[in-house]
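What follows is a single structure, written as structure tokens, with notes after it.
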Amino acid sequence: MYSSIGAEEKRIIDLLARVKFRQQDSYFLFHIEPQSSPQAEFEKRMFYYFARLHEKYDVPIYPIVIFSYDSPYKAAESSYAVEFPDFQVLQFNFRTIQLNRLNWRDYMRQHNPVASALMTKMRIAKEDRPQVKLECLRMLATLQLDPAKTEFLSKFIDTYLELDHQEEQIFQAEVDRLEVVEREVIMQTITSWEKRGQLKGKVDLVLRLLQRKLGQVPPPLEATILTLELEAIERLGEALLDFNHVDDLSTWLQRQETT
């Protein structure tokens, strides 16, 4: 959401949630601010957010920062103060969750989809990387989430814990040792990654070929191409050889919608 600070300045809040506290009528606004890299004067910005939200909603606010950067490892600042030698004007504190100071082993048995994703950004020894990825996927497999949530979290895990060739071999060997049911669930997830990778590569190639053949592809047509399944993209890759004008592409795409 957007929150104004001053007459001309706009600030973007990453996530703001209003929740009921212990079934009581009082409410808290949990201001969660993910940080992927250290920023100068971040504590001051957190106070500005807090003050603006407090003024706007006039309810208790619980500010939380999730630090997801890889370094530095030292504890992040969690307060902002305004003071004089003889008087403290302000002492503002906020909660911090610094992932690179957490041990992934402490979270591997938690029945929590967020933990399955955030483990990838915790403190991990290099030799443990294949095991961490496996544990993240095992946890995800046991949660039985809906397909959309499972895909989102599995993609997060794959993106932020990308293994090199040797690590991938170790990971696959560990997958092969799992029980059949658990192994099948994890392999389905891995297969979906591979299919998405194949699709993206072919879409990028087809768009480049269309641009060379027809010039700039209009954004509405490009958006339609991005929704095509792998088989349709492959057919388009063959058909574009006969295109001479953008209208040919438009006609081809319209035919796909009717078949």
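What is the Cα radius of gyration of the stretch 197-258 over 2.2 N^0.38 Å, N being its residue count?
Cα Rg divided by the expected 2.2 N^0.38 Å: 0.99.
Taking the charge dipole of the stretch 197-258 about its Cα centre, with +1 at Lys and Arg Cβ atoms and -1 at Asp and Glu Cβ atoms, the residue from Leu214, Leu253, Ala239 reaching farthest to the positive side is Leu214. Here the stretch 102-177 has an Rg and Dmax of 11.6, 32 Å, counting Cα atoms alone. Here the simple spin-label model places points 7 Å from the Cα toward Cβ, and for Asp128 and Arg255 these points are separated by 5.7 nm.
Applying 0.36 nm per residue to the separation of Ile170 and Asn112 and subtracting their alpha-carbon distance, the gain on full extension is 18.3 nm. Among Leu161, Leu249, the order by Cβ neighbours within 10 angstrom, fewest to most, reads Leu161, Leu249.
What FRET efficiency comes out for the pair Leu207/Leu241, r = Cβ-Cβ distance, R0 = 22 Å, nearest 0.05?
Working: r = 15 Å, r/R0 = 0.68.
It comes out at approximately 0.90.
Ranking Leu102, Phe47, Gly201 by Cα position along the charge dipole of the chain, where only Lys, Arg, Asp and Glu carry charges on their C-beta atoms, puts Phe47 farthest toward the positive end.
Among the listed pairs Lys20/Lys44; Lys155/Lys213; Lys74/Lys133, those with a Cα-Cα distance over 31 Å are Lys155/Lys213.
The modelled label-to-label distance between Met187 and Ser79, using points 7 Å beyond Cα along the C-beta direction, is 5.5 nm. Gain on full extension, evaluated as 0.36 nm per residue between Leu226 and Glu179 minus their Cα-Cα distance, stands at 13.2 nm. Going through (1) 28, 21, 20; (2) 34, 23, 16; (3) 43, 29, 18, the figure that equals semi-axes √(5λ) of the Cα gyration tensor in Å as computed for the structure here is (3).
In debye to the nearest 20, how big a dipole does the chain give about its Cα centre with +1 on each Lys and Arg Cβ and -1 on each Asp and Glu Cβ?
Working: 33 positive and 40 negative charges, 102 e Å.
Using Cβ point charges on Lys, Arg, Asp and Glu, the chain gives about 500 debye.
Using Cα pairs closer than 8 Å and at least 6 residues apart in sequence, work out the relative contact order for the chain, in percent. Walk me through the numbers before you get to the answer.
Working: 296 pairs, mean separation 24.8, N = 259.
The value is 10 percent.
For the stretch 183-189, the Karplus equation 6.51 cos²θ - 1.76 cosθ + 1.60, evaluated at θ = phi - 60°, returns couplings of 5, 5, 4, 5, 5, 4, 5 Hz by residue, with Gly and Pro reported as x.
Only the coordinates and a few stated rules stand behind these numbers; no lab work does. Nothing here was measured: the structure is a model prediction, and the numbers come from that model. Counting neighbours? That spans all protein chains shown, and the Cβs are built from the backbone with ideal geometry, glycine included.
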